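Take a look at the structure set out below.
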Amino acid sequence: MNGNPRTDGPSQENQATEAATAAAAPETSTEQQQETQAPEAAPAVDPERERLESELNAARRRVDQLARAYQDLERDREEFKQRLTRERERMMDVERGNVATLLLEAVDELDRCLSMSGGDVSSPLAQGVKMIRDGLLSKLQQSGIERLQVVGLPYNPNTAEATDMEITTSPDEDQKVVAEVRAGYRLKERIIRPARVKVAKYVAPAQA
């Protein structure tokens, strides 16, 4: 009316544009915050895979149990085999000792024959008897039979039987074997026949 241009039209349009921009900006920011804060989705659990893993672990445990059981069985079998071998060797030694005892009795008979000859070993009969005796002893030694050495040693009831006693005035000779009545023998660590011996006993001399 007064000739001045109206300024309210453009101002209203600018205000409307600013309002629309301001209204859109918070909405976009809220969506971004929601996208940022949203937790990641957990991976889907495969029940078939879990079942297979469980069966695999169970199978491994079973294989370990079977392996240990097999090792125990092998160890028991080896120990049984060793016990059987030791028992068989022991029985063989017992049987060998029984046979050796019979042969030793024959050797004793031959020794008595030689002693009855009066010490004359020059006769053909005595030489033949001595040859047989020495041959039997050689065979026994080859089978592992050893004669016990007891004379001059302290008396040991595990290897000898005291059949007689001899008085001695020497303290050093007390309870020592002074003579062998019958020879003793052993096979390895087993005494198959103890020796029969005479043992010294110390008696202090009478004071004058």
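Summary of computed values
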{"read-out": "Within region 56-132: Cβ-based charge dipole about Cα centre, in debye rounded to nearest 20 (Lys, Arg +1; Asp, Glu -1)", "value": "840"}
{"read-out": "Reach of K188 by Cα under 20 Å, taken over lysines that are not fewer than 8 positions away in the same chain", "value": "K139"}
{"read-out": "Cα pair distances of region 97-144 binned at 10 Å [whole percent]", "value": "28, 49, 21, 3"}
{"read-out": "Summed residue charge, Cβ within 14 Å of E105's Cβ, Lys/Arg positive, Asp/Glu negative", "value": "+2"}
{"read-out": "Residues whose placed amide H lies under 5 Å from that of R193, excluding near-sequence neighbours", "value": "Y185"}
{"read-out": "Over region 60-208 - Rg/Rh using Cα atoms and the Kirkwood inverse-distance radius", "value": "1.28"}
{"read-out": "Per residue accessible area in Å² of region 78-161, where ligands, DNA and RNA are left out and the probe is 1.4 Å", "value": "71"}
{"read-out": "Formal net charge of residues neighbouring K201 (Cβ-Cβ distance under 11 Å; K, R +1; D, E -1)", "value": "-2"}
{"read-out": "Neighbourhood charge, 9 Å Cβ-Cβ cut-off, centred on A160 and excluding it, Lys, Arg +1 and Asp, Glu -1", "value": "-1"}
{"read-out": "Tensor-based shape of region 122-198 (alpha-carbon gyration tensor, a/c under 1.5 rounded, otherwise prolate or oblate)", "value": "oblate"}
{"read-out": "Dipole in debye (nearest 20) - region 95-147, about Cα centre, beta carbon charges: Lys, Arg +1; Asp, Glu -1", "value": "120"}
{"read-out": "Accessible surface of region 89-201, 1.4 Å probe, proportion on carbon and sulfur as whole %", "value": "55"}
{"read-out": "Peptides ranked, highest mean first, by Cβ atoms within 10 Å: ranges 189-201, 99-111, 81-93", "value": "189-201, 99-111, 81-93"}
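The values are calculated or read from the model by the stated rules, or taken from the named source; none is laboratory data. This is a predicted model, so every value here is computed, not measured. Every residue, glycine among them, receives a Cβ derived from its backbone with ideal geometry; neighbour counts consider all protein chains shown. With ligands, DNA and RNA removed, areas are computed over all heavy atoms of the protein, side chains included. Shrake-Rupley method; radii C 1.70, N 1.55, O 1.52, S 1.80 Å.
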